[in-house]
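The values are calculated or read from the model by the stated rules, or taken from the named source; none is laboratory data. Just so it is clear, the model here is predicted, and its values are computed rather than measured. Methodologically, a virtual Cβ is constructed for each residue, glycine included, from the backbone with ideal geometry; neighbour enumeration extends over all protein chains shown. Ligands, DNA and RNA are stripped out before the accessible areas are found, and what is left, the full protein with its side chains, is counted by its heavy atoms. Shrake-Rupley method; radii C 1.70, N 1.55, O 1.52, S 1.80 Å.
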Amino acid sequence: MESRLIDLEIKVAFQEDLIETLNLTVARQQQQLDLLQAQFRALYQQVRAAAPTGAEGNPQHEIPPHY
């Protein structure tokens, strides 16, 4: 009975360690996602600011390169 209790305590200790490791991994990935989203927003704003407006920026009004 005592060896069984020791085995269960060992399993719980390993599970607690695994949960802590997974928690740290998820927290790190969330930070990376937040950073990537901020970078994407900044890039999107740059592209929108650089994009021409009006008819001259519309691809339908551009002359194809083979003409």
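So which of Leu5, Leu22, Leu36 ends up being exposed (fewer than 10 other Cβ atoms within 10 Å of the Cβ) and at pLDDT 95 or above?
Every option except Leu5 fails the conditions.
Could you check region 39-58 and list, in sequence order, the residues that are open to solvent by 100 Å² or more (accessible area, probe 1.4 Å), modelled with pLDDT under 70 and either in a helix (DSSP H, G or I) or at positive phi (or both)?
Within region 39-58, just Glu56 meets the criteria.
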